[in-house]
Amino acid sequence: MRAWLGRAVFVTILLGSFAAQERAAVSPEDGPGLLEPGILRVAGSHGLSLREYKTTNGVFSRTLVFDAPGCSQPVKVSQRVWTFEEEPLLERHPDPGYARRYVYIDRSWDRPDPRGVFIQRTKYRSLAMVGLTEYIPSTHLIVVETAKNCRAAEAIDWSPVWSRVSLSTARAGDGAAD
């Protein structure tokens, strides 16, 4: 019985490694600016218009600031590493009157949750290995800050930011610009 189980685990690992090699060839490289074109695309499709780029306390990444229809305050979107290593260096609390959400594909949290993001990232990495998801797992998540009375911005589904098609298109666009 144990030999059968061992062989099954070995075959699963072997097939998984082949699938991972195959998928790695088509996956774009993960980097701090990779999600930005997807963020711009999703925001634009929901009527948000880019106002400006701001640096996030001068470190790591920049914040995209959008004007949202029907909202008196702008919507701020930035990228962070899923481990939240830089979180102590960045501002700890959102601006007064703002709510902060940490978004990774189809889940969001009100405060940093490395364990929750790890579980989601592991789930999507496993699904991506065998081609069962349209999303590319990334080492980055997005932080969305919205005014508490801005319902239009709160209702945005940010999951297309990690779409395989969206990220491949963004990567091809980067290659064409070089």
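What follows is calculated from the coordinates using simple rules that are stated; it is not laboratory data. It should be emphasised that the depicted structure is a prediction, and the values quoted were computed from it without experimental measurement. Here the Cβ positions follow ideal geometry from the backbone for every residue, glycine too, while neighbour counts run over all protein chains shown.
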Order of Tyr124, Tyr98, Tyr104 - criterion: other Cβ atoms within 10 Å of each residue's Cβ, fewest first: Tyr98, Tyr124, Tyr104
Label-to-label distance, nm, for residues given as Thr83 and Ile119 (7 Å Cα→Cβ offset): 2.1
